[in-house]
1. Can you tell me which residue is nearest to the chain's Cα centre (by Cα) among those in region 95-105 that are open to solvent by 30 Å² or more (accessible area, probe 1.4 Å) and among the β-branched types (Val, Ile, Thr)?
2. Name the pairs whose Cβ atoms lie under 9 Å apart, with the first residue in region 106-126 and more than 26 Å from GLY217 (Cα to Cα) and open to solvent by 80 Å² or more (accessible area, probe 1.4 Å), the second modelled with pLDDT of 85 or more and among the hydrophobic types (A, V, I, L, M, F, W, C), and 6 or more positions between them or separate chains?
3. How many residues does region 222-241 hold that are open to solvent by 70 Å² or more (accessible area, probe 1.4 Å) and either touching a Gly at 6+ places or on another chain (Cβ under 8 Å) or aromatic (Phe, Trp, Tyr) (or both)?
4. Please go through (1) closer than 23 Å to MET196 by Cβ; (2) under 19 Å from the mean Cα position of the chain (by Cα) for PHE62 and return the number of the only condition it doesn't satisfy.
5. When you go through TYR76, TYR88 one by one, which is the residue that is open to solvent by 80 Å² or more (accessible area, probe 1.4 Å) and part of a helix (DSSP H, G or I)?
6. Taking the condition at pLDDT below 85 and in a helix (DSSP H, G or I), does GLY35 pass?
7. Please work out which one of (1) assigned to a helix (DSSP H, G or I); (2) within 20 Å of ILE207 (Cα to Cα) is the condition VAL81 fails and give its number.
8. Specify the residue that is farthest from the chain's Cα centre (by Cα); the eligible residues are those in region 195-221 that are within 19 Å of ARG165 (Cβ to Cβ) and open to solvent by 10 Å² or more (accessible area, probe 1.4 Å).
Amino acid sequence: MVTVLFSIFASRNSMEIAGYFTALLIGISLGLIGGGGSILTIPVLVYLFHIEPILATGYSLFIVGGSSLAGAYLNYRKQLVNLKAAFYFGLSSIITVVIMRKFVVPAIPTHLFSIGSFVMTKSIAVMLLFAVVMFVAALNMIRKETHCTAEGNDRQLHLSKALLRGIETGILTGLLGAGGGFIIIPVLLFSFHLEMKEAVGTSLLIIAMNSLFGFLGDLAHHQFDWTLLLAITATSIAGTFIGDHFKTKLQGNELKKGFGWFVLVMGICIVVKELLSNV
């Protein structure tokens, strides 16, 4: 087994090796803290595997979907997945994701606008918007953990709010290939009144459903390198199992904050690179 893995990585260049290593870390993050890692999938695919940004969002949907599904399975075995909440939230988000991937994203023009010598293309816009999402996600990870209070548990179930947040998450996932856990988890806490551990497990199932259904909408528009896609996904899933194994031994909140700072720095780097390289 070790010999096979070595032969695979030995045939890749250094950027791809770094990409596989980062994919492992993405999975570990999902296993440890139930999210966060998927936000790095697009930068890894674009800058380390040299995949065009729009196509990379499709790759990301499959990778994030597969890794999140593995995490959801691990949490389901521990009875930390609320299927009712996943159904209500996922209903609107899955429909929105499929519409975004099948109709909206392909309809966006390649050339958006120009300012002097700077040309805003579809690919640049996706990367800049993704950087904004990274900033929001990073700030949510850096902030202290949000707990659902006893007073909040007495409130009525806000299904209409959950459906609306599902649409928002579907737009985010459909447009950028991001999981949107930083949107999903607060809704599960305060609209469905789940405990934090159950919210994390349920969020992984919703992310998996959104991402994989969104990927199905891409099959008619893009050709994928399945060998590369499955290799990255398998690496990330392996990381998910590793992270889940060690999460009881490590301080999840501190890891989450540290990872949040890393995501924030990565977001800044993306903005600088995209703007400077196209001026």
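1. Per the stated criteria, the residue is VAL98.
2. PHE113/MET120
3. In the first step, residues of region 222-241 are kept if they are open to solvent by 70 Å² or more (accessible area, probe 1.4 Å); the result is 223, 225-227, 230, 241.
Filter once more, keeping what is either touching a Gly at 6+ places or on another chain (Cβ under 8 Å) or aromatic (Phe, Trp, Tyr) (or both): 226, 241.
The qualifying residues number 2.
4. Here PHE62 meets the rest and fails (1).
5. On the way: TYR88 fails: open to solvent by 80 Å² or more (accessible area, probe 1.4 Å).
Just a single option satisfies the conditions, and that option is TYR76.
6. Working: at pLDDT below 85: yes; in a helix (DSSP H, G or I): no.
Spelling it out, it is not the case that GLY35 is at pLDDT below 85 and in a helix (DSSP H, G or I).
7. Of the numbered conditions (1) assigned to a helix (DSSP H, G or I); (2) within 20 Å of ILE207 (Cα to Cα), the odd one out for VAL81 is (1).
8. Just the residues of region 195-221 that are within 19 Å of ARG165 (Cβ to Cβ), to begin with: 195-196, 198-211, 213-214.
Subset that is open to solvent by 10 Å² or more (accessible area, probe 1.4 Å): 195-196, 198, 200, 205, 209, 213.
Working: GLU195: 22, MET196: 19, GLU198: 19, VAL200: 13, LEU205: 12, MET209: 12, PHE213: 14 Å.
If we take residues in region 195-221 being within 19 Å of ARG165 (Cβ to Cβ) and open to solvent by 10 Å² or more (accessible area, probe 1.4 Å), then GLU195 is farthest from the chain's Cα centre (by Cα).
The values are calculated or read from the model by the stated rules, or taken from the named source; none is laboratory data. On a predicted model such as this, the values are computed, not experimentally measured, just so you know. For neighbour counting, all protein chains shown are included, and Cβ atoms are generated from backbone atoms with ideal geometry for every residue, glycine included. Quick note on the areas: whole protein, heavy atoms, side chains included, nothing else; ligands and nucleic acids left out. Shrake-Rupley method; radii C 1.70, N 1.55, O 1.52, S 1.80 Å.
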